[in-house]
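J.: Handing you this structure, nothing more for now.
The values are calculated or read from the model by the stated rules, or taken from the named source; none is laboratory data. This is a predicted model, so every value here is computed, not measured. Heads up, the Cβs are rebuilt from the backbone with ideal geometry, glycines too, and the neighbour counts pull from every protein chain shown.
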Amino acid sequence: MNTSKRKNLSYIILIVLLVGLLVWLALFLHHRMRYAISNAVFVETDKLVYSSFSQVAGKIIKVSKDEGETVKKGDVLAILDDSPYQKIYARLLAEKASAEKEKEALKIAITRLKQHLALKESQVQQKIYQLKEERKAALAQVEALSSQIAQLQRDQKRFATLVAKNLAPKRKLEEIETNLKQLSRQQKALAFKAEALKYGLVAAKKELAMVENQKKTIKEQKERLKALEDKIKALSASVAAAKLNLKYTKLVSPIDGIVAKRFHVAGDVVGPGQPVYALVDPKNLYILVLLEETKLKGVEVGCPVNIKIDAFPDEKFKGEVAEILPATAAKFALVPRDVSAGEFTKVAQRVPIKIRITEGPVKILRVGLGGEVEIKRK
């Protein structure tokens, strides 16, 4: 009886195990029919951000981040020796300050010269006016005396005749001659004065011409001032550029991301545009799946995806099919298959599929990590 019971129990256990195996097999087959599964999975990105000193070159004196570290936008990644750029900046600042000082001195000199020449011109013009009026008055007096002298000369002749005939007193003739001499002397003095005023007028006009000529100096000084202003503008631009170059000696992160690769260390000499870091933006990470062509049925853009990453087995990621690439991975292999003579071994080709990550801690992922995906077929 005990033996019979043990046999029956063994049969029951065997049947249960068989049923369980069949159920598991059915579920497994059902799961395989509903999902396309692949472990040819890689974390990838199409947008590596290469960070470099864009404008300057020199020796790196400090690197701040190592590969795999997270960075924030604006974090300092590396620093160049800025002493050459400090010297250039200081020299340009000194040149600009000197030019501005020269400009201010020249402006003051021009203002003073303009005031001096304006005053001088006014004085000379007033002098010319006075000389002209004085000469005009002297010539008028000379003209008036000429009339008087002519009358006295006529009176002298007439009275000389009368005195010779004893018809007039000699005293009257002497008075006329005395007046004639006085007026002649006055006329000569006024004529000399008019001539002197003429020469004074010529000299004053020459002085005015000199003032006008000095005005050309103001024009030349203004041109020099304009050249200085242009020089200061150019120096200001150079100072701004030198200041920017000083700023560019600090390499800052352009994004929030992860250091994928560091190409240089402290002591290396780098040139403008030479990559120092390669950064990854987690928002640009995706899952690349190389799916066998035999599993493509039902896989379409938009299909939901379950993602497992080997490095983080306790983390769950979800995604969706973003793109099914139009060529197989073998098409772009470094040594593609030669099918010109026919093939005798059929190999299942793998089609690259991009998976957009929609859920999960994307920031912990690193480019190149592997895993497994389950793509739910439509």
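J.: Quick check on the range 186-227: of everything there that is among the polar types (S, T, N, Q) and touching a residue at least 12 places away in the same chain (Cβ under 8 Å), which residue is nearest to S146 (Cα to Cα)?
T.: Kept after step one, since they are among the polar types (S, T, N, Q), are these residues of the range 186-227: 186-187, 213-214, 217, 221.
Cutting the leftovers down to touching a residue at least 12 places away in the same chain (Cβ under 8 Å) gives us 186-187, 214, 217, 221.
On the way: Q186: 10, Q187: 7, Q214: 44, T217: 49, Q221: 54 Å.
Within the range 186-227, the match that is nearest to S146 (Cα to Cα) is Q187.
J.: Of the residues K7, K62, K47, which single one is modelled with pLDDT of 85 or more and either of a type in the set (K, R) or not assigned by the TED database to the domain that holds L288 (or both)? Full working, then the answer.
T.: On the way: K7 fails: modelled with pLDDT of 85 or more; K47 fails: modelled with pLDDT of 85 or more.
The unique qualifying residue is K62.
J.: From the residues in the range 79-97 that are of a type outside the set (A, V, I, L, M) and in contact (Cβ under 8 Å) with a residue 60 or more places away in the chain, which one is surrounded by the most Cβ atoms within 10 Å (Cβ to Cβ)?
T.: Y85
J.: How do the strands (runs of 3 or more DSSP E) wholly within the range 20-130 filter down when requiring 2 or more residues that are in contact with a helix residue (DSSP H, G or I) (Cβ under 8 Å, 6 or more places away or on another chain) and more than 30 Å from Y248 (Cα to Cα): which remain?
T.: On the way: elements: 35-45, 48-52, 58-63, 76-80.
Strands (runs of 3 or more DSSP E) meeting the threshold: 35-45.
J.: Would you pick out the residues in the range 163-176 that are loosely packed, with under 15 Cβ neighbours inside 10 Å and outside any loop (DSSP other than H, G, I, E, B)? Break it down stepwise before answering.
T.: So in the range 163-176, the residues loosely packed, with under 15 Cβ neighbours inside 10 Å come out as 164-167, 169-172, 174-175.
Once the filter is applied, which keeps residues that are loosely packed, with under 15 Cβ neighbours inside 10 Å and outside any loop (DSSP other than H, G, I, E, B), the range 163-176 yields A164, K170, R171, K172, E174, E175.
J.: Restricting to the range 133-162, give me the number of residues that are under 30 Å from V211 (Cβ atoms) and surrounded by 14 or more Cβ atoms within 10 Å (Cβ to Cβ).
T.: 5
J.: Follow-up. Kindly indicate whether any position in the range 253-260 is part of a loop (DSSP other than H, G, I, E, B), in contact (Cβ under 8 Å) with a residue 60 or more places away in the chain and farther than 19 Å from D46 by Cβ. Full working, then the answer.
T.: Our first condition is that a residue be part of a loop (DSSP other than H, G, I, E, B); within the range 253-260, this holds for 253-256.
This time we only want the ones that are in contact (Cβ under 8 Å) with a residue 60 or more places away in the chain, so: 253-256.
Among the residues that remain, those that are also farther than 19 Å from D46 by Cβ are: 253.
Looking for residues that are part of a loop (DSSP other than H, G, I, E, B), in contact (Cβ under 8 Å) with a residue 60 or more places away in the chain and farther than 19 Å from D46 by Cβ, one finds at least one in the range 253-260, hence yes.
J.: Next question. If a residue has to be among the acidic types (D, E) and in contact (Cβ under 8 Å) with a residue 60 or more places away in the chain to count, how many in the range 132-155 make the cut? Can you show your working first?
T.: Looking only at the range 132-155, we keep the residues that are among the acidic types (D, E), and these are 133-134, 143, 155.
Filter once more, keeping what is in contact (Cβ under 8 Å) with a residue 60 or more places away in the chain: 134.
Here the count works out to 1.
J.: Same structure again: Quick check on this structure: which one of E104, E69 is exposed (fewer than 14 other Cβ atoms within 10 Å of the Cβ) and touching a strand residue (DSSP E or B) at 6+ places or on another chain (Cβ under 7 Å)?
T.: E69
J.: Right, another one. State which residue is nearest to S146 (Cα to Cα) when the search covers only the range 156-184 and only residues that are β-branched (V, I, T) and either without any contact (Cβ under 8 Å) to a residue 12 or more places away in the chain or outside the structural domain of V142 (by the TED database) (or both). Spell out the reasoning first.
T.: Quick first cut of the range 156-184, residues β-branched (V, I, T) only: 161, 163, 176, 178.
So of that shortlist, the ones also either without any contact (Cβ under 8 Å) to a residue 12 or more places away in the chain or outside the structural domain of V142 (by the TED database) (or both) come out as 161, 163, 178.
Values: T161: 23, V163: 25, T178: 16 Å.
The extreme case among them is T178.
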